[in-house]
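S.K.: Could you have a look at this structure, given as structure tokens, before my questions?
The values are calculated or read from the model by the stated rules, or taken from the named source; none is laboratory data. A quick note: this is a predicted structure, and the numbers were derived from the prediction, not measured. Every residue, glycine among them, receives a Cβ derived from its backbone with ideal geometry; neighbour counts consider all protein chains shown.
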Ligand SMILES: O=C(O)C1=C[C@@H](OP(=O)(O)O)[C@@H](O)[C@H](O)C1
Ligand SMILES: C=C(OP(=O)(O)O)C(=O)O
């Protein structure tokens, strides 16, 4: 795998008609949680379809550094021998969580409850992201976390115990919700989280699969502390957030047809399907089934040409990571697309509103950023150079844009794609994209 420190670029030549079948890598959210919950359980957890991206490998290494035996049976299969809720041991060094917001926010919850200190560090992008959204509620539970003005590194001090709280989150964030629920496993009494829109519910589903009693309803989750987790088998579905780039590819090229296999279609994640359908894409769910506690299906996408829409703000939470792809879909649609209610995009790996608007404008598209979204008028993409700002989802979205551009698109700084989608360029090539990776010059 390419180390994120090496600079890589892509040149993507225009044209191509996406065709064929692909299974994109495993779901990132579920892969992180499989390591975390498997480590805290008693007994063995076998994980198949694990995402071997750098983000999830950071989580895996962090738990290994805290004494958990995690064996890689293959690139995508793990065997986790859990140490129980109180079995983690003090790491000998800072825990480096790379580029991964999910690792840092979820782990801060469970580490806040430990009898040993720990320090969580990340790369330059992760060190710019807001952590007060987890530090403040954890402090109300009795945790001690020192930060750099609300940002990483996070120094977590040992505490005698935590108290359950009822947390009303201002943002719809599965990372905040999961952080508090993981701390709640160790707290006295009940811990609950409510949020303005329902965020992805993998933590709730997976805790239940590990035997935890939990109340979950739309926008609220609650559990009582002191419950034991019991190891279980976790088959990880393909990640709808990675599949979204291929949905985009087929949707913007009339006459194309692809099938994406084994994709997780948890209803808290399927906003991108609703948005692309509203824009005119033909998307069919084939053979719906379940993997463990998660709904899965194959997805057929046929390109029919897209039209601009006002994206329903109620879909933002369930499509949050797919907006870079939606920006490119909007650029390839007839008419105007309005995106609103999506200010969370500004605090991801990059400011995804600004990065996407800047990139589209440099490719000749009329696009304007607003505080919580953008206005994008569809048009002819021309060739040019895109700075991905080291943001994997920005890089992959613009790569697909080349299917409709009049000249080659060069995308700078793409090594970070390995955080969520290892071997993306090979899979995209196999589906018809003329993508050439090369060392940055
Ligand atoms: O809980 C998770 O696994 C994730 C939650 C989302 O973040 P927020 O909770 O910050 O919205 C998402 O953007 C991220 O890629 C993964
Ligand atoms: C926002 C993302 O991840 P994280 O928050 O885990 O860095 C993402 O993968 O798009």
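S.K.: At pLDDT 95 or above, crowded, with 24+ Cβ neighbours inside 10 Å and more than 16 Å from ligand 1 (Cβ to nearest atom): is that true of residue 400 in this structure?
M.R.: Details: at pLDDT 95 or above: yes; crowded, with 24+ Cβ neighbours inside 10 Å: yes; more than 16 Å from ligand 1 (Cβ to nearest atom): yes.
For residue 400, the condition - at pLDDT 95 or above, crowded, with 24+ Cβ neighbours inside 10 Å and more than 16 Å from ligand 1 (Cβ to nearest atom) - is met.
S.K.: Which residues, taken from the stretch 341-365, are assigned to a loop (DSSP other than H, G, I, E, B) and under 20 Å from the mean Cα position of the chain (by Cα)? Don't jump to the end; show me each part of the working.
M.R.: So the first thing to find is which residues in the stretch 341-365 are assigned to a loop (DSSP other than H, G, I, E, B), and the list is 341-342, 348-351, 363-365.
Correct list: 341, 342, 348, 349, 350, 351.
S.K.: For the stretch 299-326, which residues satisfy the criterion of being under 21 Å from residue 260 (Cα atoms) and under 20 Å from the mean Cα position of the chain (by Cα)? Before the answer, list the steps.
M.R.: Taking the stretch 299-326 and keeping what is under 21 Å from residue 260 (Cα atoms), we get 299-306, 318-326.
Listed by number, the residues that qualify are 299, 318, 319, 320, 321, 322, 323, 324, 325, 326.
S.K.: Mind checking which residues of the stretch 50-66 are surrounded by 23 or more Cβ atoms within 10 Å (Cβ to Cβ), closer than 19 Å to residue 235 by Cα and either in the same structural domain as residue 294 (by TED's automatic domain parsing) or away from ligand 2 (no atom under 14 Å from the Cβ) (or both)?
M.R.: Listed by number, the residues that qualify are 50, 60.
S.K.: Looking at the stretch 256-279 only, could you name the residues that are in contact (Cβ under 8 Å) with a residue 40 or more places away in the chain and outside any strand (DSSP E or B)?
M.R.: Applying the first criterion (in contact (Cβ under 8 Å) with a residue 40 or more places away in the chain) to the stretch 256-279 yields 256-264, 266-272, 274-276, 279.
Scanning the stretch 256-279 gives 256, 266, 267, 268, 269, 270, 271, 272, 274, 275, 276, 279.
S.K.: Out of all the residues in the stretch 191-199, is one or more touching a strand residue (DSSP E or B) at 6+ places or on another chain (Cβ under 9 Å), within 30 Å of residue 290 (Cα to Cα) and away from ligand 1 (no atom under 16 Å from the Cβ)?
M.R.: yes
S.K.: Restricting attention to the stretch 416-430, which residues are more than 15 Å from ligand 2 (Cβ to nearest atom) and surrounded by fewer than 23 Cβ atoms within 10 Å (Cβ to Cβ)? Please lay out each step first, then the result.
M.R.: Taking the stretch 416-430 and keeping what is more than 15 Å from ligand 2 (Cβ to nearest atom), we get 423, 425-430.
Within the stretch 416-430, 423, 425, 426, 427, 429, 430 qualify.
S.K.: Related question: What number of residues in the stretch 285-326 are more than 24 Å from residue 401 (Cβ to Cβ) and either assigned to a strand (DSSP E or B) or away from ligand 2 (no atom under 16 Å from the Cβ) (or both)? I'd like the intermediate steps shown before the answer.
M.R.: Pass one, the stretch 285-326, residues more than 24 Å from residue 401 (Cβ to Cβ): 285-298, 313-314, 317.
From the residues that got through so far, the ones that are either assigned to a strand (DSSP E or B) or away from ligand 2 (no atom under 16 Å from the Cβ) (or both) too are 285-298, 313-314.
The qualifying residues number 16.
S.K.: Under 7 Å between Cβ atoms, which residue pairs at least 6 apart in sequence (or on different chains) link something in the stretch 349-364 that is over 9 Å from residue 327 (Cβ atoms) with a partner that is part of a helix (DSSP H, G or I) and within 16 Å of ligand 1 (Cβ to nearest atom)?
M.R.: Within 7 Å, the pairs are 349/392; 350/394; 355/394.
S.K.: Does residue 351 qualify as being within 29 Å of residue 130 (Cβ to Cβ), in contact with a helix residue (DSSP H, G or I) (Cβ under 9 Å, 6 or more places away or on another chain) and at pLDDT 95 or above?
M.R.: So residue 351 fits the description; yes.
S.K.: Being modelled with pLDDT of 95 or more and in contact with a strand residue (DSSP E or B) (Cβ under 8 Å, 6 or more places away or on another chain): is that true of residue 114 here?
M.R.: Numbers: modelled with pLDDT of 95 or more: yes; in contact with a strand residue (DSSP E or B) (Cβ under 8 Å, 6 or more places away or on another chain): yes.
Here the answer is yes, as residue 114 does meet what is asked.
S.K.: Sort out for me the strands (runs of 3 or more DSSP E) sitting completely within the stretch 118-168 that have 3 or more residues that are surrounded by 15 or more Cβ atoms within 10 Å (Cβ to Cβ). Break it down stepwise before answering.
M.R.: Values: elements: 118-121, 144-148, 151-157, 166-168.
Ranges flagged: 118-121, 151-157.
S.K.: If you don't mind, there's one more thing I want to ask. Scan the stretch 327-340 for residues that are crowded, with 17+ Cβ neighbours inside 10 Å and outside any helix (DSSP H, G or I) and jot them down.
M.R.: Let us first name the residues in the stretch 327-340 that are crowded, with 17+ Cβ neighbours inside 10 Å, namely 327-333, 337, 339.
Correct list: 332, 333, 337, 339.
S.K.: Within the stretch 72-101, track down each residue that is under 21 Å from residue 113 (Cβ atoms), out of contact with any strand residue (DSSP E or B) (no Cβ under 9 Å at 6 or more places or on another chain), part of a loop (DSSP other than H, G, I, E, B) and within 16 Å of ligand 1 (Cβ to nearest atom).
M.R.: The one that is under 21 Å from residue 113 (Cβ atoms), out of contact with any strand residue (DSSP E or B) (no Cβ under 9 Å at 6 or more places or on another chain), part of a loop (DSSP other than H, G, I, E, B) and within 16 Å of ligand 1 (Cβ to nearest atom): 100.
S.K.: Here's a follow-up. Does residue 217 fit the bill of being closer than 23 Å to residue 317 by Cα and touching a residue at least 24 places away in the same chain (Cβ under 8 Å)?
M.R.: On the way: closer than 23 Å to residue 317 by Cα: yes; touching a residue at least 24 places away in the same chain (Cβ under 8 Å): no.
So residue 217 fails the test.
S.K.: List every residue pair whose Cβ atoms lie under 6 Å apart, where the two residues are 6 or more positions apart in sequence or sit on different chains, the first residue falls within the stretch 365-384 and is free of Cβ contacts under 8 Å to residues at least 24 places away in the same chain, and the second residue, located anywhere, is surrounded by 14 or more Cβ atoms within 10 Å (Cβ to Cβ).
M.R.: If the second residue must be surrounded by 14 or more Cβ atoms within 10 Å (Cβ to Cβ), the pairs left are 366/377; 368/375; 369/353; 369/354; 369/357.
S.K.: Among the residues of the stretch 239-255, is there at least one that is assigned to a loop (DSSP other than H, G, I, E, B), touching a residue at least 60 places away in the same chain (Cβ under 8 Å), in contact with a strand residue (DSSP E or B) (Cβ under 9 Å, 6 or more places away or on another chain) and within 26 Å of residue 201 (Cα to Cα)?
M.R.: Here is the first cut: in the stretch 239-255, the residues assigned to a loop (DSSP other than H, G, I, E, B) are 239, 253-255.
From what's left, touching a residue at least 60 places away in the same chain (Cβ under 8 Å): 239, 253, 255.
In the following step, the residues that additionally are in contact with a strand residue (DSSP E or B) (Cβ under 9 Å, 6 or more places away or on another chain) were identified as 239, 255.
Filter again for within 26 Å of residue 201 (Cα to Cα), leaving 239.
So far as the stretch 239-255 goes, yes, one or more of its residues are assigned to a loop (DSSP other than H, G, I, E, B), touching a residue at least 60 places away in the same chain (Cβ under 8 Å), in contact with a strand residue (DSSP E or B) (Cβ under 9 Å, 6 or more places away or on another chain) and within 26 Å of residue 201 (Cα to Cα).
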